[in-house]
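Laboratory data are not the source of any read-out in this text; all were calculated from the coordinates shown. The model shown is predicted, which means the values in this text are computed figures rather than measured ones. We place every Cβ from the backbone using ideal geometry, glycine too, and count neighbours over all the protein chains shown.
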Amino acid sequence: MPQEPQNLKKGFLNPLDRYHGEFTPNNLAFNANLQEFAQQASCLCNLETNGKITPEETYRQIKQLWRQLEQSKQEFLDNDNFTPD
């Protein structure tokens, strides 16, 4: 069955790969957040390169994304008591 055009576009713009590391729910959740960080940071860099946003705005947004990733690391990798919902 062919995919919807919108799903094809989403898969092209935001590709996700399978997780190949040591499987735990925490590792999988953190990996998803790490991939999201990488995609968003790449998009911001492309916008800045093409003059759509300023370098300062790019830095501010990537710094915010980094803080979110650090919080995710603390929640999923540094917390042995995590239990998924």
Going 7 Å from the Cα of residue 19 toward and past its Cβ, which residues in segment 25-58 have a backbone nitrogen under 14 Å from where you end up?
-> 25-36
Using the count of nearby Cβ atoms within 10 Å as a rough guide to exposure, how do 8, 28 rank from fewest to most?
-> 8, 28
For residue 60 and residue 75, compute 0.36 nm times the residue count separating them, minus their Cα-Cα distance, and round to one decimal in nm.
-> 3.1 nm
For segment 28-34, what does the Karplus curve 6.51 cos²θ - 1.76 cosθ + 1.60, with θ = phi - 60°, yield as ³J(HN,Hα) per residue in whole Hz, taken in order and with x for Gly and Pro?
-> 5, 5, 5, 4, 4, 5, 5
Which whole-Hz ³J(HN,Hα) couplings does segment 54-70 yield from phi under the Karplus relation 6.51 cos²θ - 1.76 cosθ + 1.60, θ = phi - 60°, glycine and proline marked x?
-> 7, x, 5, 5, 4, 4, 4, 6, 5, 4, 5, 4, 5, 4, 5, 5, 4
Listed by chain and number, the residues whose amide H is under 5 Å from that of residue 53, excluding neighbours fewer than 5 places away on the same chain and using placed H, are 48
Globularity ratio of segment 24-76, using Cα Rg and 2.2 N^0.38 Å | 1.27
